[in-house]
Amino acid sequence: MPDLLSRRIFLAQVLGIPPVLLGLCSVTLQKLGDGTALPGHVVHAITDGEAVGAATMLEYERLLAMSWELYYTSTVQKATGSIAESLQKLLLASANASGVRKDQYDAMLCRFYQLSSLVARDQMQFARSVQDEHKAVEIAFRLKNAELIASSLLRRARIYIRQQDYVLAYQDAMQMLPYADLVRDPLKGKCYQMAGEATGYVAEKDSVLQKKSMDYFHKALKIAQKGNMTPDGSFVKVDITSILIEKADALILYERIADAHDALAITREHVSPEQNRWKVNLLLSEARAYLAEKDVTSCCQIAIEAMGMIRAINLSAKEDRVLSLLEQCRQLESQNPEVLRLETLFSAKSA
């Protein structure tokens, strides 16, 4: 967000951005701080449609931030109540609004749909998850807002990956990249991270695509290490931990297991205590690396540790990944003691 009011007014005028989305509202009236008159049509755009009051939007921002924090650090269930309530209020408000006021509500609605879609995905409600993200993408393109477009496509690609629709994820990632260079560093870094991951899944034996995948991860790492990580409102968390985990997953697909282990070893040095979701992802990636080496004992030991965390934070959507590891380990060494230990975790729950 440009600090200078004059710069924001200029951008609204030249690029056709709804002024409210740049923090311009009726309190600016007809004058800048230095007494310069605003362009007439910009004044009209600012005051037309009765922009939503600052207190109302600040309350939605607070709810959105709280819900994202619960999503990242606590259980998915704790985030669902405030999200559902906010969506209902925003849908009603948007339906009854027009002009700039509607744009303002829709921009917030887009952001809540993005969060709602990921919560639904983690609850394994995939149809609703995709539906909500489709709505977010549609709103973002209607508003012609680069950050909303990039973040919506990013999160829809993430959902497609979860459903193993890798071609659709890759298509969204490639559509997202032109907008990545128009947004701020946190979201830009996450976009390149997603491009690396999505490309990795479609690369197979294609050395050219594999190199592109690694290049995207490299760009993401450079941003995470040196970029301006001031929060940008997208609530993405670009960090070395997540980038290295996803890079390691791609390396496992390319059968570069030693390189994957190196990346995961560095990851362990960077993961912070509150990053519960990434701790689980790290353990699952380590388990996959050991499975690729046919080290069934190590794979199951780490999978058992992951299961403890998955159940502690009620992240049931991740259990099927552990189950997949178990099934592959059974095929290799069905009577391995660690395989039997992992089996008991699932049999105890079903009992």
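The values are calculated or read from the model by the stated rules, or taken from the named source; none is laboratory data. All figures in this text were calculated on a predicted structure; none of them were measured in a lab. A quick note on method: Cβ atoms are made from the backbone with ideal geometry, for glycine too, and the neighbour counts reach across all protein chains shown.
Miscellaneous remarks
Residue-wise test of (1) over 25 Å from residue 223 (Cβ atoms); (2) touching a Ser or Thr at 6+ places or on another chain (Cβ under 7 Å); (3) not acidic (Asp, Glu).
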residue	(1), (2), (3)
122	yes, no, no
130	yes, no, yes
141	no, no, yes
153	no, no, yes
156	no, no, yes
163	yes, no, yes
188	no, no, yes
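- Answer from 294, 318 - the residue that is on the phi > 0 side of the Ramachandran plot and either polar (S, T, N, Q) or touching a helix residue (DSSP H, G or I) at 6+ places or on another chain (Cβ under 9 Å) (or both): 294
- Neighbours by Cβ (under 6 Å, 6+ apart or cross-chain): first from region 94-109, closer than 16 Å to residue 61 by Cβ and at pLDDT 90 or above; second part of a helix (DSSP H, G or I) and of a type in the set (Ser, Thr, Tyr): 105/94; 106/94; 108/60; 109/94
- Qualifying residue in region 334-350 (condition: over 31 Å from the mean Cα position of the chain (by Cα), among the aliphatic types (A, V, I, L, M) and either surrounded by 12 or more Cβ atoms within 10 Å (Cβ to Cβ) or not in a helix (DSSP H, G or I) (or both)): yes
Yes/no matrix, rows are residues, columns are (1) in a loop (DSSP other than H, G, I, E, B); (2) surrounded by fewer than 21 Cβ atoms within 10 Å (Cβ to Cβ); (3) β-branched (Val, Ile, Thr); (4) in contact with a Gly (Cβ under 9 Å, 6 or more places away or on another chain):
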position: 103; (1), (2), (3), (4): no, no, no, yes
position: 117; (1), (2), (3), (4): no, no, no, no
position: 130; (1), (2), (3), (4): no, yes, yes, no
position: 142; (1), (2), (3), (4): no, yes, no, no
position: 156; (1), (2), (3), (4): no, no, no, no
position: 159; (1), (2), (3), (4): no, no, yes, no
position: 167; (1), (2), (3), (4): no, yes, yes, no
position: 170; (1), (2), (3), (4): no, no, no, no
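- Note on region 202-220: residues that are in a helix (DSSP H, G or I), of a type outside the set (Gly, Ala, Ser) and surrounded by fewer than 21 Cβ atoms within 10 Å (Cβ to Cβ) amount to 10.
- Under the condition of being under 24 Å from residue 226 (Cβ atoms) and modelled with pLDDT of 95 or more, the residues counted in region 266-294 number 1.
- Taking the criterion of being modelled with pLDDT of 95 or more and not in a helix (DSSP H, G or I), no residue of region 297-333 qualifies.
- Residues that are part of a helix (DSSP H, G or I) and of a type in the set (Asp, Glu) within region 175-196 comprise just one, 185.
- Inclusion of residue 303 among residues that are surrounded by 14 or more Cβ atoms within 10 Å (Cβ to Cβ), of a type outside the set (S, T, N, Q) and under 24 Å from residue 217 (Cβ atoms) is not warranted.
- Residue 169 closer than 28 Å to residue 127 by Cα and modelled with pLDDT of 95 or more: yes
- Search result, residues across region 128-159 that are more than 12 Å from residue 106 (Cα to Cα) and of a type in the set (Gly, Ala, Ser): 129, 146, 150, 151, 152, 157
- Taking first residues from region 202-221 that are touching a residue at least 40 places away in the same chain (Cβ under 8 Å) and partners that are of a type in the set (A, V, I, L, M) and surrounded by fewer than 19 Cβ atoms within 10 Å (Cβ to Cβ), the Cβ contacts under 6 Å between residues at least 6 apart in sequence or on separate chains come to 203/209.
- From 205, 226, residue being out of contact with any strand residue (DSSP E or B) (no Cβ under 9 Å at 6 or more places or on another chain), among the charged types (D, E, K, R) and within 23 Å of residue 267 (Cβ to Cβ): 226
- Within region 172-201, restricting attention to residues that are polar (S, T, N, Q) and touching a Leu at 6+ places or on another chain (Cβ under 8 Å), the residue that is surrounded by the fewest Cβ atoms within 10 Å (Cβ to Cβ) is 175.
- Subset of region 310-327 that is surrounded by fewer than 17 Cβ atoms within 10 Å (Cβ to Cβ) and over 21 Å from the mean Cα position of the chain (by Cα) - its residue that is farthest from residue 118 (Cα to Cα): 327
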